[in-house]
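Data block below; observations after.
The values are calculated or read from the model by the stated rules, or taken from the named source; none is laboratory data. Given the structure is predicted, the values throughout are model-derived calculations rather than measurements. Note that each Cβ is placed from the backbone with ideal geometry, even for glycine, and that neighbours are counted across all protein chains shown. For accessibility, only protein heavy atoms count, side chains too; no ligands or nucleic acids. Shrake-Rupley method; radii C 1.70, N 1.55, O 1.52, S 1.80 Å.
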Amino acid sequence: MGDSDRSIRQLKGWTRERLEKLAAARKWHELERIRTVAQFHTYGHGSESGADEPHGLRLRWAEVSLTANDLLPSGTPWDDARKRGQNFALRTWIITHLGPGTDPAWNPEALAADTLAALSLMPALTPDRAGALAANWRLLPAEQIGALRRCKNLTAHVDRLIPLLPPGPAKDRLTSWSEVRKRLP
């Protein structure tokens, strides 16, 4: 086993504090590597048996990935959308493949609320408005095209999430976004 294999196996024991030290040192490339490796293990690719990896261990890997993702740079619309999109995709995968849980991270309704909260941060974009803009998106200024792209990225997981939600406003709103998403650039 090489040094990289050994260090990858040790990641599952990393604490949030250790990850925060990397963030404080601005070692963003290391945090992204950790996020990616932990996500790889979450999906069951880290062992020869793949899906036979214990449920609890896969959830722990997912937590490491989400923590590293949370510590990556933010503050720009693109960074924030990238981080949220990564978060939503991993959480959706956990919910659909390993099952929902009592932890809000693995709860479909909490994920729906987080998704809708992220979409509400988009300047004046509702599903209807996004759909109207998408009709002629090539004529839009770059900032508006970027906002539509971020909406599309932030809703990449909703088709897998919607069937897990009870009837109600959140499900209806996400269904509207799902329908509009197909037309976004």
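Annotations
- Extension gain, residue 78 back to residue 45 (0.36 nm per residue minus Cα-Cα distance, nm): 9.0 nm
- Modelled FRET efficiency - R0 35 Å, residue 18 with residue 160, Cβ distances, 0.05 increments: 0.65
- Per-residue surface analysis assigns residue 179 an accessible area of about 100 Å², computed on protein heavy atoms at 1.4 Å probe radius.
- Solvent accessible area, Å² - residue 172, 1.4 Å probe, full protein context: 100 Å²
- Simple rule: put +1 on each Lys or Arg Cβ and -1 on each Asp or Glu Cβ in segment 75-184, find the dipole, and look at 75, 121, 137; the Cα lying farthest toward the positive end is 137.
- Split the accessible area of segment 75-184 by element, probe 1.4 Å, and carbon with sulfur accounts for 56%.
- Between segment 110-185 and segment 55-92, the alpha-carbon centres lie 19 Å apart.
- The 3J(HN,Hα) values that the Karplus relation (6.51, -1.76, 1.60; θ = phi - 60°) gives for segment 83-99 are, in residue order, 4, 5, x, 4, 4, 4, 5, 5, 4, 5, 4, 4, 4, 7, 9, 10, x Hz. Gly and Pro appear as x.
- Anchor residue 182: lysines whose Cα lies under 28 Å away (excluding residues fewer than 8 positions away in-chain): 83, 152, 171
- Segment 101-185, dipole about Cα centre (Lys/Arg Cβ +1, Asp/Glu Cβ -1), debye to the nearest 20: 420 debye
- Over segment 78-185 - Rg/Rh using Cα atoms and the Kirkwood inverse-distance radius: 0.98
- Per residue accessible area of segment 75-184, 1.4 Å probe, in Å²: 52 Å²
- Between residue 28 and residue 124, full extension at 0.36 nm per residue minus the direct alpha carbon distance yields a gain of 31.4 nm.
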